[in-house]
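Quick notes on the structure that follows.
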Amino acid sequence: MFEADLQSNLYKLWNRISSGSCFPPPVKRVQIDKRGGGKRPLGIPTVSDRVAQAVVKGYLEPDLEKHFHPDSFGY
């Protein structure tokens, strides 16, 4: 049951991404405590948004990585 639901949701997400009609929903914003007092906002994306990000990253990263120096990390 779970696997069928997952495949159905992935198929729907793939259709939205490939047709250009995939727009991420608003990010849930929560306030987390800072060490020195106060709070800072933290955005939590939906699972489908994270899956879409991973797909795009997997598609773009191999081509873009060639343009960066081997010792550059996080730039």
note = Labelled set (i) 23, 16, 10; (ii) 31, 14, 8; (iii) 28, 24, 11; semi-axes √(5λ) of the Cα gyration tensor in Å computed from this model equals the value at (iii)
task = Evaluate the charge dipole of the chain about its Cα centre and quote only its size in Debye, nearest 20, assuming +1 on the Cβ of each Lys and Arg and -1 on the Cβ of each Asp and Glu.
result = 540
query = Under a straight-distance cross-link criterion of Cα-Cα below 27 Å, which lysines are reachable from K39, leaving out those fewer than 8 residues away in the same chain?
reply = K28
message = For Cα pairs less than 8 Å apart in space and 6+ apart in sequence, what is the mean separation divided by the residue count of the chain, i.e. the relative contact order in percent?
response = 20
ask   = Which peptide among 9-19, 32-42 comes first, and what is the full order, when sorted by highest mean count of other Cβ atoms within 10 Å?
value = 9-19, 32-42
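All of the numbers you see were taken from the coordinates with simple rules; none came from a lab. Model, not experiment: these values are computed from the prediction. Backbone-built Cβ (ideal geometry, glycine too); neighbour counts: all protein chains shown.
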